[in-house]
Amino acid sequence: MSILSDREREILDEVVHCYLSSGEPVASGTVARSSRTGLSSASIRSVMAELEHKGFLVQPHTSAGRVPSDRGLRHYVDNVVRGAVLAPGERRRLRSLLSPAGPLAELLAQATRVLADVTVEVGIALAPVPQRAALRSIHFVGVSPRRVLAVVVTHGGVVDSRILAVEHDYSTDDLERISNYCTQNFTGSTLEEIRDRLLALMAEERVQCDRLLAGVIELGRRTVESEAASGGEVFLEGAERLLERAAPTRLEGLQRLFAAFSDKAALLSLLNRYLARSGPRLVIGSELSSLGNGELGLIVTSFEVPSGESGLVGVIGLKCMDYSRIIPIVDFVGQHLAGVSGDLGSVQ
């Protein structure tokens, strides 16, 4: 049996709709003017009080207005928004803004820009994590004394690079030989498998007198350890829009959010929770307390590239966002990335 009556559901949907349009507490008189129920303001106020008692609305201050609780917003999204689809014109617009092919990092950077521009929220994406993918190639380039640039390219098209601190200098020829050895012998293996093979190499006595294998072990080990410590690249676009739209009472929460934007570990901890979830995922308010003061919403969807790597794309913003429009947009962009990633060309 439903916890809400038909009248309560209708009034709740109307309150949420008004709140998402204005971002402000909704009074019974406002609902009375827009509702098709024909109820008086006093009757609607009584229904709203019951919805507050059941945990679907809250009264933030002493004013007569109420706002949806996280539970109320989720009820609205699950029952009203889930069936929303993109209008044909919006679909054509998005298709024209998104590239049909290219290196995955460029596609993700573009996707976050498009999401930020089209939704007027903050576009966010998490690149697939290289250590979960099969290696295509690995390249080592000397950049300064005892510093080597390692460039890892996976079969899914993900490129990751990092500077390694090494124990001694390598000549250009040595680095080329080590790169070729790693690419030829480790292609198709995940970084976890490569780690096991390096450990096996270390146990061989011939490594002690083979300069090539010694270099493979040092550079390979440092690369794998460095990749294992990384959680994937995070893309963000449009953060300044939140400041432009935020009320003064929400600035403290936004300051915490911007601090989290600069803390990669915090963002990765949040985004990785939803990496394997299919379809658009909505995270509201208190579920994002680590990033704000309960005033934020996150809509994300995962996508998978042919080699099995999973990434994430979506938007984050104030929780009074236009869910019925944004959720299908995020879903479309996620499906687009899954489709074009199968056609990735060379990214070296």
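Laid out as a table, the results:
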| read-out | value |
| --- | --- |
| Extreme residue, surrounded by the fewest Cβ atoms within 10 Å (Cβ to Cβ), among residues of segment 318-336 that are within 17 Å of residue 93 (Cβ to Cβ) and touching a Phe, Trp or Tyr at 6+ places or on another chain (Cβ under 8 Å) | 335 |
| Residue match in segment 206-227 (condition: farther than 30 Å from residue 126 by Cα, among the acidic types (Asp, Glu) and modelled with pLDDT under 85) | yes |
| Condition check for residue 240: modelled with pLDDT of 70 or more, of a type in the set (Asp, Glu), closer than 21 Å to residue 113 by Cα and surrounded by 17 or more Cβ atoms within 10 Å (Cβ to Cβ) | no |
| Residue 113 more than 30 Å from residue 171 (Cβ to Cβ) and free of Cβ contacts under 8 Å to residues at least 24 places away in the same chain | no |
| One residue from 33, 82 being within 24 Å of residue 326 (Cβ to Cβ) and of a type outside the set (Asp, Glu) | 82 |
| For residue 188: the one exception among (1) part of a helix (DSSP H, G or I); (2) surrounded by fewer than 14 Cβ atoms within 10 Å (Cβ to Cβ); (3) within 33 Å of the chain's Cα centre (by Cα); (4) free of Cβ contacts under 8 Å to residues at least 60 places away in the same chain | (1) |
| Search result, residues across segment 24-46 that are surrounded by fewer than 17 Cβ atoms within 10 Å (Cβ to Cβ) and either more than 30 Å from the chain's Cα centre (by Cα) or within 19 Å of residue 81 (Cα to Cα) (or both) | 29, 33, 34, 36, 37, 38, 40, 41, 42, 43, 46 |
| Residue within segment 14-33 that is of a type in the set (Gly, Ala, Ser), closer than 30 Å to residue 305 by Cβ and touching a residue at least 12 places away in the same chain (Cβ under 8 Å) present | no |
| Matching option when the condition is modelled with pLDDT of 90 or more, crowded, with 22+ Cβ neighbours inside 10 Å and not polar (S, T, N, Q), among 125, 116 | 125 |
| Some residue of segment 67-85 being more than 25 Å from residue 296 (Cβ to Cβ), in contact (Cβ under 8 Å) with a residue 12 or more places away in the chain and out of contact with any Asp or Glu (no Cβ under 7 Å at 6 or more places or on another chain) | yes |
| Hey, residue 118 in a helix (DSSP H, G or I), in contact (Cβ under 8 Å) with a residue 12 or more places away in the chain and in the same structural domain as residue 281 (by TED's automatic domain parsing) or not | yes |
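The values are calculated or read from the model by the stated rules, or taken from the named source; none is laboratory data. All values reported here derive from a predicted model rather than from experimental measurement. Reconstructed Cβ throughout: ideal geometry from the backbone, glycine too, with neighbour counts over all protein chains shown.
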